[in-house]
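A.B. asks: This structure is in structure tokens; I'll ask about it shortly.
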Amino acid sequence: GKHLELDQAVFVPEDWLHAGRVAPREEMELTFALKQQNVDRLQNLLQLVSDPDSQQYGKFMTLEEVASLVRPSQLTEKAVWTWLKGHGIQNCHTVLTRDFLQCTMTAQVAETLLPGTEFHRYKKGDQTLMRSSSQYSVHEDVSDHLDFVGGVLRFPMGSKEIGKAWTGPGQSEKA
Amino acid sequence: FHLGVTPSTIRARYNLTASDTGHAANNSQAVAQFLEQYYHPADLAEFMSIFARGFNHMTEVERVVGTQEEGKAGLEASLDVEYIMSTGANISTWVFTNPGRHETQEPFLQWMLLLSNMSAVPWVHTISYGDDEDSLSTAYMNRINVEFMKAGLRGISMLFASGDSGAGCLHLAKENVFRPSFPASSPYVTTVGGTTFKNPFKVTYEVTHYISGGGFSNVFAMPDYQVDAVSAYLKGAQSLPPQSYFNHSGRAYPDMAALSDNYWVVTNLVPIPWISGTSASTPVVGGILSLINDQRFLKGLPSLGFLNPRLYKLKGTGLFDVTEECHLGCLDEKVEGQGFCAASSWDPVTGWGTPNYPALLAALIQ
């Protein structure tokens, strides 16, 4: 296999408590970010429509037009689907731009699909999450067709910011 | 004299008159919430009845995308909704709420997917969340960056809070370094920092709020649109932190700022004072950009879209320059708790400054 996010920090934020290993038959949904086409062109077009000195300024595109620009190649879609179906994964849905795929599978299948993973449940108040305690890899056949797999490593962002939204006298003293 | 920041205070400071409210039919703005953060319609109604007299405004959110579950209102959610609807008054407002339907979903990613699947979404989105750059993979950040490009190409403005830890600090074994935050550090979003009144009890000029997030990305190169502004700061700054603390060739943020200290918020029907953070300044700027969009739509012009290339060409026109005080940095012998300092023109603490609505409108309506 090949790692897609080797530099992703694998850690459990201190406010999330470990609540045991996920049972093999429990269902989960993972998000696959498929490699897009024409990213350089997308970047150039964005510069043109955002630059007031450009004749293209303000000539925005619809979502459908953006979709036709960045939609993954047929080869990418085929490679990813073949890989997923090879693991018996059929319950997937995509978005209009076709560059994300969300699939439901059991924890057992997920751990086979993504070698290296071991899914655990974590709790914070009433919230629960399933995340892998270790890095994931994907089969070499699909590594060039995926940017990352979502729902495996990252905990929800922002708890740090929220904690600091309230600035009481304590914060002022610290300052 | 005032006892904290309310919609009236903000509208007075940024020169919004009673008639500066939304009128265009096709205008809209949005806030996104994650992590089980819900707003309560009753809080919004109470907030508006107490604090939003003297200008035309809405008292209800137009549309909630996602599931608003039962439970206590979140402070963050209340703050975002109440203030975007106070500056972007009388403009249709959406709330994206992303608690994560499945235990393996990433709420932020889920919101990005929603945007990629909805043909019609609001023109301005404000988001008050972020992660340390060093905690995220480059592959993930690069891909999210492309998602921001997709939004910009559709004419959507993405505003992110710059963070509440100043320059931040990553404690390393040998030497500390500043710690940038993502998505604030993305070159394809407009990042909003924070200020405070010079005199906290009067509508005076603004100075840096010490918590205001800002600095230089370690992942994204400096985009062309800001090279001149940042170079001028680095050359002209009276004192800079040691170069080893930041990547001077990275994307520098924030791009602009607004008041971020001593806000009043109604949450769970209780008015609460002393709420602070760039979570507050971001929806304020979002609402003001929505007002400018409104005037553009009335003239038959397109939305502002990705603002930064145009914002940097204004070179501060339409903004109050914030030139005093510094934000937080590493608490060590070398920088002694100080990050960067504000200066005239652009700086990595308050960007180009805070909005002077009539002047900014005049500059962006052409």
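A.B. asks: What residue among A:14, A:118, A:140 has the largest mean-square fluctuation in a Gaussian network model of chain A, using Cα springs under 10 Å?
C.D. replies: Judging by the Gaussian network model, the answer is A:14.
A.B. asks: Starting from the Cα of residue B:67, step 7 Å toward the Cβ, then list every residue of the stretch B:97-131 with an amide N under 13 Å from that point.
C.D. replies: B:97-105
A.B. asks: Shape of the stretch B:257-366 from its Cα gyration tensor (a ≥ b ≥ c, root eigenvalues): rounded if a/c is under 1.5, otherwise prolate when a/b > b/c, or oblate?
C.D. replies: oblate
A.B. asks: Using a Cα-Cα cut-off of under 19 Å, which aspartates and glutamates could be cross-linked to residue A:78, ignoring same-chain neighbours fewer than 8 residues away?
C.D. replies: List returned: A:99, A:140, A:141, A:144, A:147.
A.B. asks: Could you list, bin by bin from short to long, the percent of Cα-Cα pairs of the stretch B:28-175 in 10 Å steps?
C.D. replies: Taking every Cα pair in the stretch B:28-175, the percentages come to 10, 37, 34, 15, 4, 1.
A.B. asks: With a cut-off of at most 16 other beta carbons within 10 Å, and DSSP calling the residue loop, which trypsin sites (Lys or Arg not before Pro) in the stretch B:303-366 qualify? Please list them.
C.D. replies: Counting only loop positions with at most 16 other Cβ atoms within 10 Å, the trypsin sites (Lys or Arg not before Pro) in the stretch B:303-366 are B:315, B:334.
A.B. asks: Is there a pair in A:35/A:85; A:2/A:124; A:2/A:85; B:202/B:334 whose C-alpha atoms are over 28 Å apart, and which pairs would that be?
C.D. replies: A:2/A:124; B:202/B:334
A.B. asks: Another question, if that's okay. Return the Rg/Rh value of the stretch B:1-74, two decimal places, where both radii are evaluated on C-alpha atoms and Rh is the Kirkwood radius.
C.D. replies: 0.99
A.B. asks: Give a quick list of trypsin sites (Lys or Arg not before Pro) in the stretch B:47-108 that DSSP marks as loop, anything other than H, G, I, E or B, with at most 15 other Cβ atoms within 10 Å.
C.D. replies: Here the sparse-neighbourhood loop sites are B:53, B:72, B:101.
A.B. asks: What spacing in nm lies between the two simple spin-label points modelled at residue A:75 and residue A:57, each 7 Å away from Cα in the Cβ direction?
C.D. replies: Modelled inter-label distance: 4.0 nm.
A.B. asks: For chain B, what is the mean residue ellipticity at 222 nm derived from helices alone (per DSSP H run of n ≥ 4: -39500 (n - 2.57); sum divided by total residues; nearest 500 deg cm²/dmol)?
C.D. replies: The per-residue figure over chain B is -8500 deg cm²/dmol.
A.B. asks: Once fully extended, how much extra length lies between residue B:270 and residue B:228, figured as 0.36 nm per residue of separation less the alpha-carbon to alpha-carbon distance?
C.D. replies: Stretched fully, the residue B:270-residue B:228 segment lengthens by 10.5 nm.
A.B. asks: Please say if chain B is rounded, prolate or oblate, where rounded means a/c under 1.5 for a ≥ b ≥ c the square roots of the C-alpha gyration tensor eigenvalues, and otherwise the choice is prolate for a/b larger than b/c and oblate otherwise?
C.D. replies: In terms of gyration-tensor shape, rounded.
A.B. asks: Checking the cross-link filter: which lysines have an alpha carbon closer than 26 Å to that of residue B:299, excluding same-chain neighbours under 8 positions apart?
C.D. replies: Residue B:299 reaches A:59, B:150, B:313, B:315.
A.B. asks: I would also like to ask the following. Check which residues have an amide H placed less than 5 Å from residue B:64's amide H, if you skip close sequence neighbours.
C.D. replies: B:95
A.B. asks: Please give the calculated 222 nm ellipticity per residue for chain A, where each DSSP H segment of at least 4 residues contributes -39500 (n - 2.57) and the sum is spread over every residue; nearest 500 deg cm²/dmol?
C.D. replies: -8500 deg cm²/dmol
A.B. asks: Turning to a different aspect of this structure: Suppose we keep just the DSSP beta bridges with both residues in the protein assembly as shown; what percent of those would be antiparallel, to 5?
C.D. replies: Rounded to the nearest five, the antiparallel share is 65 percent.
A.B. asks: Let me ask something additional. Applying 1/(1 + (r/R0)^6) with R0 = 45 Å to the Cβ-Cβ distance of residue B:26 and residue B:138, what FRET efficiency is obtained, to the nearest 0.05?
C.D. replies: 0.75
A.B. asks: Compute the angle between helix B:278-298 and the longest alpha-carbon principal axis of chain B, please, reported from 0 to 90 degrees and rounded to the nearest 10.
C.D. replies: 60
A.B. asks: Something else now. Average the reciprocal distances over every distinct pair of alpha-carbons in the stretch B:55-97, invert the result, and give the Kirkwood radius in Å.
C.D. replies: 11.0
A.B. asks: Based on the alpha-carbon gyration tensor of the stretch A:69-160 and its eigenvalue square roots a ≥ b ≥ c, which shape applies: rounded if a/c is under 1.5, prolate if not and a/b is larger than b/c, or oblate?
C.D. replies: Taking the square roots of the gyration eigenvalues as a ≥ b ≥ c, the stretch A:69-160 is prolate.
A.B. asks: Send over the semi-axes of the protein assembly as shown's equivalent ellipsoid, whole angstrom and largest first, taken as the square roots of 5 times the C-alpha gyration tensor eigenvalues.
C.D. replies: 35, 26, 25
A.B. asks: Only Cα pairs within less than 10 Å get springs; with that Gaussian network setup on chain A, which residue of A:37, A:47, A:135 has the largest fluctuation?
C.D. replies: A:47
A.B. asks: Same structure, new question: Mind pulling the angle between the C-alpha long axis of helix B:227-236 and the longest principal axis of chain B? Nearest 10 degrees, somewhere in 0 to 90.
C.D. replies: In chain B, helix B:227-236 runs at an angle near 50 degrees to the longest axis.
A.B. asks: Among A:137, A:73, A:54, whose mean-square fluctuation peaks in a Gaussian network model of chain A (Cα, cutoff 10 Å)?
C.D. replies: Highest fluctuation among the options: A:54.
A.B. asks: For the stretch B:266-366, which chymotrypsin sites (Phe, Trp or Tyr not before Pro) are in a loop by DSSP, counting at most 15 other Cβ atoms within 10 Å?
C.D. replies: Here no chymotrypsin sites (Phe, Trp or Tyr not before Pro) fit, given the DSSP loop and packing criteria.
A.B. asks: Going by amide H atoms built from the backbone, whose H comes under 5 Å of the H on residue A:34, apart from near neighbours?
C.D. replies: Distant-sequence amide H within range of residue A:34: A:100, A:101, A:147.
Read-outs throughout are calculated quantities, based only on the coordinates presented, and are distinct from any laboratory measurement. Model, not experiment: these values are computed from the prediction. FYI the Cβ positions are ideal-geometry reconstructions off the backbone, even for glycines, and counts take in every protein chain you see.
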